[in-house]
Amino acid sequence: MVKLLRLIPPNTHIPFLRWRRIFVGISVVAVIASIAIFAVRGLNFGIDFLGGTLIEVQTPGPADLGRMRSVLGGLGLGEVALQEFGANNDVLIRIARQPGGEKAQLKAVDTLKKSLAGMGDGAMDYRRVEFVGPKVSSELVEAGIIAVVSAVVLMLLYIWFRFELQFGIGAVLALVHDVILTIGVFSVSGLEFNLASIAAILTIVGYSINDTVVVYDRVRENLRKYKTMPLMDLLELSVNETLSRTTMTSLTTLLALFALYFFGSAVIAGFTIAMIWGIVVGTYSSIFVAVALLLWFTPKRGGEAAVPAETP
């Protein structure tokens, strides 16, 4: 007979709601701190949002980033950022958008190529050159904001339709909590914020709402089943009954994300870090925030026949 792996023993009675003030307080402080840091430091926007030129170069041998920065920094091209791109001879170069039109951007690329050729380390292989104009970058910023806001609003409507408004408000507040903390991590860490980051945030929104729906579904079942059970006890029972599923889903997802981070390329590193953080925060908010909010919003109990209350 096959035994199922259980990280959480059955019939757990962890008093999550007894600690709600501590965890909700931590969340409020973290949200305020994230907003404050974002207001002061902002985000390290990538070329997708700022505009400019992106060049991928493969050097003949291991890249000397210090020397390359010294050479390119004196060309008068504004901000020039370099980073290794996977192997130690793959370099990603970002050049700030140059004043003028397309000719100015092409001239900057030619200047950069001549300077690198003059380093005398052998022929450079220019694997790709991408230009992002100011109009496109501003449109991408607007589209990214619209995408995130639309996702949150649609989630509210979905939860409202599937459950009731009290559940929808709780789920959306938990989602906003997750999004703000993720943006705060980008601001604190200085990770590049680009289109992949927007994709990570949207993925986090979907994952978090899925976790929350599982817990809320059990809450709704128990509201109909145990009509005389105190609401706090009922919510704790619901969280404990879904705890094994929540932790197993989160851990298996994190295993895949850690594999992507350690064995994947540098291109997806920012996306992977955002996802890892988002899964942790999303799981936390589903257990400690979304359910705790129902104590304030007091959802209605269903109309099915009552079952004698059981002590969780």
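The values are calculated or read from the model by the stated rules, or taken from the named source; none is laboratory data. Just so you know, these numbers come straight off a predicted model, no measurement behind them. Cβ atoms come from the backbone with ideal geometry, glycine included; neighbour counts cover every protein chain shown.
Laid out as a table, the results:
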{"read-out": "Matching residues, region 238-270, being more than 23 Å from LEU17 (Cβ to Cβ), part of a helix (DSSP H, G or I) and touching a Ser or Thr at 6+ places or on another chain (Cβ under 7 Å)", "value": "LEU257, LEU260, TYR261, GLY270"}
{"read-out": "Residue in region 202-224 that is farthest from GLY144 (Cα to Cα), counting only those that are crowded, with 22+ Cβ neighbours inside 10 Å and of a type in the set (Val, Ile, Thr)", "value": "VAL219"}
{"read-out": "Positions within region 227-266 being surrounded by fewer than 16 Cβ atoms within 10 Å (Cβ to Cβ) and within 13 Å of SER286 (Cα to Cα), in sequence order", "value": "ARG245, THR247"}
{"read-out": "First in region 154-165 and over 18 Å from GLU221 (Cβ atoms) and in contact (Cβ under 8 Å) with a residue 40 or more places away in the chain, second anywhere and in a helix (DSSP H, G or I) and of a type in the set (Val, Ile, Thr), Cβ under 6 Å, 6 or more apart", "value": "MET155/ILE209"}
{"read-out": "Residue in region 216-230 that is more than 25 Å from ILE276 (Cα to Cα), aliphatic (A, V, I, L, M), part of a helix (DSSP H, G or I) and touching a Lys or Arg at 6+ places or on another chain (Cβ under 8 Å) present", "value": "yes"}
{"read-out": "Matching entry among LEU82, LEU92, LEU116 (being of a type outside the set (Val, Ile, Thr) and part of a helix (DSSP H, G or I))", "value": "LEU116"}
{"read-out": "Selected residue (criterion: surrounded by the fewest Cβ atoms within 10 Å (Cβ to Cβ)) from residues of region 34-48 that are touching a helix residue (DSSP H, G or I) at 6+ places or on another chain (Cβ under 7 Å) and among the aliphatic types (A, V, I, L, M)", "value": "ILE35"}
{"read-out": "Whichever residue in region 54-73 is outside any loop (DSSP other than H, G, I, E, B), β-branched (Val, Ile, Thr) and crowded, with 17+ Cβ neighbours inside 10 Å and, among such residues, is nearest to the chain's Cα centre (by Cα)", "value": "ILE55"}
{"read-out": "Scan of region 119-137 for residues that are surrounded by 13 or more Cβ atoms within 10 Å (Cβ to Cβ), in a loop (DSSP other than H, G, I, E, B) and modelled with pLDDT under 75, ordered by number", "value": "MET119, ASP121, GLY133"}
{"read-out": "Residue identified as among the hydrophobic types (A, V, I, L, M, F, W, C) and either modelled with pLDDT under 75 or in the same structural domain as THR249 (by TED's automatic domain parsing) (or both) among ALA63, ALA30", "value": "ALA30"}
